[in-house]
Amino acid sequence: MPEQKVRQPIISVLGHVDHGKTLLLDKIRGTTVMDREAGAITQHIGATEVPTKTVEDICGKLLERFSTGVELPGLLFVDTPGHEAFTNLRRRGGTLADLAILVVDVTEGFKPQTIESIGHLKRNKTPFVLAANKMDLLPGWNPTNDACFIDTFPNQNDRVQEELDEKIYEIVGDLHDHGFQAERFDRIEDFKKQVGIVPTSAKTGEGIPELLAVLTGLAQRFLKKELSVEVKGPGRGVVLEIKKERGLGKTADVIIYDGTLKKKDEIAIGGLEEAITTKVRALLQPKPLDEIRDPQDKFRHVNEVTAAAGVKIAAPDIEGIIAGAPVWIIETTEEARELQRQVRKEIESLRIQADVNGVVVKADTIGSLEALEGQLIEQEIPIRRADIGDVSRRDVIEASAVSDDDPLLAVILAFNVEILSHAQEEAKRRNIKIVSDDVIYRLIEDYQEWVEEERERIRVEKLREFIRPGKFAIKQGYVFRRSNPAIVGVDVLGGVLKPGFPVMNTDGEQVGTIREIQKERKTLQEAKTGDELALSIEGPIVDRHIKEGDVLYVDVPRDQMIELKRDLKDMLSEDELGVMSEIIDIKQKEDPTYGVM
């Protein structure tokens with residue numbers, strides 16, 4: 001019978017952005033990964049191994065109090081991004097997980113990503129513990145660093161205890177709404193039927209002993225079968241991230257979830273075009289409590305790793321591999337072909353190449369691409385092309401194909417990838433906007449902000465080209481020339497006058513066109529309400545077509561009047577809108593459909 005062993009459980013840490021997931025792990029690790037995250041938000045999945053001794057040290061006498069010990073070889077935490085854009089990365093983290101911690105800010109309660117995470121855990125039937133975090137922010141909380149919750153809670157005054165209990169029972173109610181029975185961990189009767197809620201503070205460390213104790217107890221009591229692995233079986237894993245390391249070249253951060261992986265093993269890894277077969281040149285593990293994405297100390301070289309473990313693989317010819325792809329030890333060519341089929345199916349389901357007006361999307365990993373696509377589809381932003389890799393000249397040409405039809409979609413959204421130099425030059429030449437960031441939600445926000453600014457700029461430009469409502473009266477005694485062109489003094493009564501605007505009388509008959517506007521012998525490009533100035537009007541003869549005292553209007557063409565009313569009304573002044581109504585009333589005497597949308 002193959003040799004079996006109990007592996008460490010893989011624990012996914014999920015929750016809403018900013019609720020303290022990475023900070024919670026930092027407290028356990030004694031590191032500050034959080035400070036180094038882009039935008040202080042976890043951008044990729046990372047893994048941290050917490051050895052048995054650390055669990056025992058943190059839990060201390062709590063284990064004696066509950067008459068239990070730590071039988072596991074440790075805990076392997078997978079820290080997943082918390083913003084809603086990371087649905088698919090979280091799914092990848094979650095499907096690896098034996099257990100999960102759902103982190104909720106106790107002062108804020110459930111948020112959209114909390115609910116989304118619960119749905120995911122429910123679908124995957126992943127057991128979880130809820131960390132009611134940030135209890136130190138409750139007004140009047142008296143902290144005791146690194147204390148057990150059951151020791152520090154009685155030291156709080158009655159008002160603080162009552163407020164925390166109220167917050168916990170709000171969470172109990174929210175979980176009930178999603179089909180879960182729950183209770184504070186120390187009041188639970190049956191952990192199989194109830195979700196344990198552990199009040200914690202990632203900042204002070206309070207409650208973390210109980211959190212680790214509950215996770216360890218659940219794993220040891222209920223997951224023995226799932227945690228049993230074949231020691232000598234072929235290794236199976238998933239790529240978390242691709243990185244360049246000095247002296248090693250391109251490497252892959254991998255979670256091994258089954259079997260054993262050894263140095264010199266032949267492996268197949270999913271790539272953009274096909275599965276890449278290669279031989280493991282080196283296996284490097286972060287020291288216990290280091291985070292694989294961001295180790296504080298150098299990696300240590302090992303000859304083999306057994307599930308469950310986070311490991312960095314150095315191997316030749318892995319330039320084309322992608323994050324999120326499977327890693328297999330291969331013993332036959334058929335296994336390599338099967339992996340290739342799986343990877344191709346997944347990537348093809350993500351790639352978009354459509355003959356539609358839409359944005360071009362480039363991302364660094366499968367998960368990031370899934371996340372971006374999901375967000376854009378949710379917000380009804382069409383996608384013309386989506387792929388993994390750096391922004392190239394081809395992407396710019398693709399984006400420019402929609403510029404005439406909809407300039408707001410002539411954009412490239414680039415997440416955590418480089419913009420190649422020839423792409424930058426082409427984008428400048430074709431006036432294509434490239435929005436780039438290493439935080440997905442900020443990338444989307446920046447694009448939306450640009451769209452609003454650009455839409456307003458386009459509207460302003462468009463309005464400049466329109467014939468706008470205007471009204472003026474010819475002043476008594478201010479006829480300077482009777483014709484060719486007629487030059488008269490006027491009072492602008494409302495709206496806007498510009499050279500080239502056609503002019504009509506109160507019967508709706510066109511009498512001429514404004515040729516020039518002058519005030520104090522200076523030529524103006526525009527006149528507004530309250531101005532007194534001279535107009536030269538091409539077409540009319542004074543006392544035949546127009547006379548002193550006449551009130552005249554700008555003759556706004558039918559199509560422009562409809563567009564002004566429909567699309568640009570909010571950009572017109574109050575007096576312009578008043579003049580617009582008067583013009584419509586005059587024109588409708590002859591044409592009842594004028595100005596009607």
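The values are calculated or read from the model by the stated rules, or taken from the named source; none is laboratory data. Being a predicted model, the structure only gives us computed values, none of them experimental. All Cβ positions, even for glycine, are placed from backbone atoms using ideal geometry, and neighbour counts span all protein chains on display. For the accessible areas, the whole protein counts, side chains as well, though only heavy atoms, and no ligand, DNA or RNA atoms are used. Shrake-Rupley method; radii C 1.70, N 1.55, O 1.52, S 1.80 Å.
What the table shows:
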read-out	value
Total charge dipole magnitude, segment 116-243, about the Cα centre, Cβ charges on Lys, Arg, Asp, Glu only, Debye to nearest 20	980
Accessible area of the chain divided out per residue, in Å², using a probe of 1.4 angstrom	46
Fraction of alpha-carbon pairs over 25 Å apart in segment 468-587 - percent	17
Theoretical FRET efficiency, 1/(1+(r/R0)^6), r = Cβ-Cβ of Asp405 and Glu453, R0 25 Å, to 0.05	0.80
Unit charges on C-beta of K, R, D, E only; dipole of the chain, Debye	1400
Under 16 Å from Lys250, Cα to Cα: lysines that are on another chain or at least 8 residues apart	Lys279, Lys312
Inter-part distance where segment 481-504 and segment 187-201 are each reduced to a Cα centre, Å	81
Segment Arg337-Arg300, extension gain: residue separation times 0.36 nm, minus the distance between their alpha carbons	10.0 nm
Charge tally in the Cβ shell below 13 Å around Thr144, where Lys, Arg are +1 and Asp, Glu are -1, Thr144 excluded	-3
Rg to Rh quotient for the chain, alpha carbon positions, Kirkwood Rh	1.19
Accessible surface of the chain [probe 1.4 Å, protein heavy atoms]: carbon and sulfur percent	45
For segment 138-178 and segment 546-597, distance of Cα centres in Å	65
Heavy-atom SASA rank of His120, His545, His301 (probe 1.4 Å, accessible area, largest first)	His301, His545, His120
Neighbourhood charge, 10 Å Cβ-Cβ cut-off, centred on Ile514 and excluding it, Lys, Arg +1 and Asp, Glu -1	0
Filtered trypsin sites (Lys or Arg not before Pro), segment 493-544: DSSP coil and at most 11 other beta carbons within 10 Å	Arg521, Arg544
Gain on full stretching of the segment that runs from Lys522 to Leu137 - 0.36 nm per residue minus C-alpha separation	132.0 nm
Whether segment 553-597 is rounded, prolate or oblate, judged on the alpha carbon gyration tensor where a/c under 1.5 counts as rounded	oblate
Neighbourhood charge, 11 Å Cβ-Cβ cut-off, centred on Pro9 and excluding it, Lys, Arg +1 and Asp, Glu -1	0
Heavy atoms of Tyr441 accessible to a 1.4 Å probe, total area in Å² rounded to 10	60
Mean Cβ neighbour count within 10 Å, used as a protection proxy, ranking 174-186, 449-461 highest first	174-186, 449-461
Over segment 468-587, relative contact order from alpha-carbon pairs under 8 Å, at least 6 apart, %	34
Dipole moment magnitude, nearest 20 debye, segment 234-344 about Cα centre, only Lys, Arg, Asp, Glu C-beta charged	380
Modelled FRET efficiency - R0 41 Å, Ile397 with Thr593, Cβ distances, 0.05 increments	0.40
